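As structure tokens, the structure follows; a few thoughts come after it.
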Amino acid sequence: MSIEKLVVVEGVAAPLALANVDTDMIIRIERLAKLPRADLGRYAFEPLRYRADGSEDPAFVLNRQPFRDARILVAGANFGCGSSREMAVWAIAGLGIRVIVAPSFGEIFFANCFQNGVLPVVLPAPTVARIASRLEAEPAAAHMTVDLERCEICTDWGETLAFAVESLRRRMLLEGADELELTLAREPEIAAFQARDRERRPWVYGNG
Amino acid sequence: MTGRTLFDKLWDDHVVADLGDGVALLHVDRHLLHDLGSSSAFHDLERRGLVLRNPELHFATADHVVSSATGRTGGVADWADRHIAGLREGCRRWGVRLADVTDATQGIVHVVAPELGISQPGMLVVCGDSHASTNGALGALAWGIGTSELVHVMATQTVLARRPQRMRITFDGRLSRGVEPKDLALALIGRIGAAGGRGYAVEYAGEAVRAMSMDGRMTLCNLTIELGGRIGLVGPDDATFGYLEGRPFAPRGAHWERALDAWRALPTDADAVFDHEVAFDAGAVTPQITWGTSPAHTIGLGERIPDPAACADPSERQAMTAALDYMGLAPGRPVAGTRIDRVFIGSCTNSRLSDLERAAAVVRGRRVAPGVVAWVVPGSQLVKRAAEARGLDRAFREAGFEWREPGCSLCVGANGDMVAPGERCVSTSNRNFVGRQGPGARTHLASPAVAAACALAGEIIGALPETAA
Ligand code: SF4
């Protein structure tokens, strides 16, 4: 078992400069409750993407060319705030997006990204705002390369932006490694912890 | 050596392995399961050929997708019943305790875990729902996790975590009459923002918190996630211990005495240092109502809806404009007098006995305004029965409220309960996000007393009536 590796992602970058895009906006609860993972991409950003009659809203960025095929999303502050639903990441990944750049993220969403081979990149708010407006103004240049090996983003207009990722998470994405596999190898440490802990806090393990 | 905060003690007590860079493998004392997501986690566990390591440390209940209709036996549709069946099957297979749909202890996971004494001070508690922070009111380290992490916890009884920074929010003064912990939390989020707590484990302290009931502390910790923080905490004290003693899963006998000794050592040391401190005047808070689509979009009942034009940050301004458009509201106008269609009193934020008591005090002997559909959905079967024993159900019913079966109901719109497109609902839940209560639904968050008073008025009120104060 492993996740999809992420080393270099090249492709169209789409601007979605809205603050506090929450997990309910990313995927509605009814959709995630009813549909298998593979079908969630169609419903990502549903309230933004479709009008009340079910037709696409042409004003929404991911309904416009060239952004329909975006692999990178340049988003607003506190992106993915709200619930713990991992399906929010599944839905975005289902659109083909592998990298999300934002000034900040909802914490659980941020963690869930790494579990699913999606890279969340934090850059300063003014930088993100500047990139987003440039993408909006010059869709023809809305192409980027995100290199996780070098921790760099290169834009079509020749700008290079460095970013930081926690080392363990970076390694796991690069290798496509799975957290659970790594922890399973630590079973002796877990057993030793519990043996000590049962002495110290017996009530945690039952009222025996 | 300088002292440690409550958070530091909780964290240090659970480290199985330090992985460097602030990352640690932590022992999970309680995993709380519910009916949305557990079924797929059980499925993944099986697919990978793994074993649920410590079934005695896992507790499940059905809440998210169960119907809240009287006489319900499951969900309102096949897809909901499949989630419940998956939970049931996984719990049976691995020997996990399940409070099933018709069980006497069924209810919303974050209501049930404290009231049964399943979550306790000093424990590390995780749940596949972000409002797990509620359990922090007992002095437990609790947070919400995603599906992949659920499988990780099932198989290893551990979770991989990054040590957050520590923030203390000290509330000075006491809440005024009629002002509830919900108002305090909304006012706080309004001031420091929906991301103000991001990256922090937040400890709530000060006179207002000490004076607060356990139910109130749970409301406060519950809303920490709307502040952007995953973890909310209150130092355990005599109120905590008094609350827990005698609950079905609380320690007993010699265990109780030992546990008490350990719990008394948990509160933050006097000389401990936080990474960030916030002082907040609780005495100045007034009853709140949200006007937009983020919990930070909050104002006092008597105030005017803010104007996005006055907001300096462009992306914030865009979000405010979009929110007003979605909510069908105009800037600069008083929020009071806005007509409403629905009222929902429920959710893990405000569905405990004392919440219902405050709402019942407002409605007793009065009538819900014509055209308003008003619901009370108790947080658990135990809450429901205790409320019925006090006659609260009668007060609500006689006023024209529906008295329904415990579950998440209208907090989440995943169980058949929905607010119709364009309808306006005053709700005691925790999220006013776009579409949270159903596509196109307009949600105004408020306390139980405010929600009850709005139901009677048929509109958003400008001030609480005397009965609530
Ligand atoms: S009541 Fe709402 S917030 Fe609470 S557990 Fe249920 S869905 Fe989550």
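Under the criterion of Cα pairs below 8 Å and six or more residues apart, the relative contact order for chain B equals 18 percent. Taking only the Cα atoms of chain B, the radius of gyration and Dmax are 21.3, 64 Å. The Cα atoms of the protein assembly as shown give a gyration tensor whose axes a ≥ b ≥ c have a/c under 1.5, which makes the shape rounded. Summing charges over all other residues whose Cβ lies under 11 Å from the Cβ of B:Ala77, with Lys and Arg as +1 and Asp and Glu as -1, gives -1. Taking a ≥ b ≥ c as the square roots of the Cα gyration tensor eigenvalues, the range B:22-86 comes out prolate, since a/c reaches at least 1.5 and a/b is larger than b/c. Straight-line cross-link reach from B:Lys384 at under 26 Å between alpha-carbon atoms covers these lysines, not counting any fewer than eight positions away in the same chain: B:Lys182.
Per residue, the convex hull spanned by the alpha carbons of the range A:79-208 comes to 155 Å³.
Where both bridge residues fall in the range B:286-434, DSSP classifies roughly 30% of the beta bridges as antiparallel.
Put simply, the amide H of B:Glu402, placed in the peptide plane, has neighbours under 5 Å in B:Ala374, B:Trp375, B:Val376, leaving out anything fewer than 5 places away on its chain.
For the range B:124-273, averaging the sequence separation of C-alpha pairs within contact (under 8 Å, six or more residues apart) and dividing by the residue count gives a relative contact order of 28 percent. Full extension of the chain segment joining B:Ala69 with B:Thr2 gains 18.7 nm, where the gain is 0.36 nm per residue of separation less the Cα-Cα distance. Expressed as a whole number of Å, what is the distance separating the alpha-carbon centroids of the range A:91-144 and the range B:178-196? Value for the Cα centre distance between the two parts: 29 Å. Computed from backbone phi with θ = phi - 60° and the Karplus coefficients 6.51, -1.76 and 1.60, the 3J(HN,Hα) list for the range B:298-310 is 10, 9, x, 3, x, 8, 9, 5, x, 9, x, 4, 8 Hz; x is used for glycine and proline. When each of B:Thr240, B:Thr170 is scored by the number of other beta-carbon atoms lying within 10 Å, the sequence from fewest to most is B:Thr170, B:Thr240.
DSSP beta bridges confined to chain B are antiparallel in about 25 percent of cases. Based on alpha-carbon centroids, what's the gap between the range B:394-431 and the range B:238-280 in Å, whole number please? Each part's Cα centre sits 34 Å from the other's. Take each residue in A:195-204, count the other chain C-beta atoms within 10 Å of its C-beta, and the mean is 5. How many angstrom lie between the C-alpha centres of the range A:162-208 and the range A:27-60? If we compute the Cα centre of each part, the gap is 36 Å. Taking θ as phi - 60° and the Karplus parameters 6.51, -1.76 and 1.60, the scalar couplings of the range B:89-105 work out to 4, x, 5, 5, 4, 9, x, 8, 5, 10, 8, 6, 3, 9, 6, 5, 10 Hz in sequence order, x denoting glycine and proline.
Helix content alone sets the calculated 222 nm mean residue ellipticity of chain B: runs of n ≥ 4 DSSP H residues at -39500 (n - 2.57) each, divided across all residues, give -9000 deg cm²/dmol. Among B:Thr102, B:Thr156, the ranking by other beta carbons within 10 Å of each residue's beta carbon, starting with the fewest, stands as B:Thr102, B:Thr156. Here the simple spin-label model places points 7 Å from the Cα toward Cβ, and for A:Arg196 and B:Arg333 these points are separated by 6.3 nm. For the peptide A:104-116, the mean number of other protein chain Cβ atoms found within 10 angstrom of a residue's Cβ is 5. Among beta bridges from DSSP that stay inside the protein assembly as shown, the antiparallel ones total about 35%. Percent of Cα-Cα pairs per 5 Å bin, from 0 to the last occupied bin, for the range B:288-457, please list those. The distribution over the range B:288-457 is 1, 10, 19, 22, 19, 13, 8, 4, 2, 1, 0, given as percents. Annotation: average projected area of the range A:8-165 is 8.5 square nanometres, based on the convex hull of Cα atoms across all directions. What does the C-alpha gyration tensor say about the overall shape of the range B:62-178? Classify as rounded when a/c is under 1.5, otherwise prolate if a/b is larger than b/c, or oblate. Oblate. What residue among A:Ala88, A:Ala164, A:Ala185 shows peak mean-square fluctuation when chain A is described by a Gaussian network model with Cα springs under 10 Å? Comparing A:Ala88, A:Ala164, A:Ala185 in the GNM, the peak value goes to A:Ala185. Ordering B:Leu57, B:Leu445 from the fewest to the most neighbouring beta carbons within 10 Å gives B:Leu57, B:Leu445.
Values in this text are rule-based calculations from the coordinates and carry no lab data. Quick caveat: nothing in here was measured; it's all calculated off a predicted structure. Cβ: placed from backbone, ideal geometry, glycine included. Neighbour counts: every protein chain shown.
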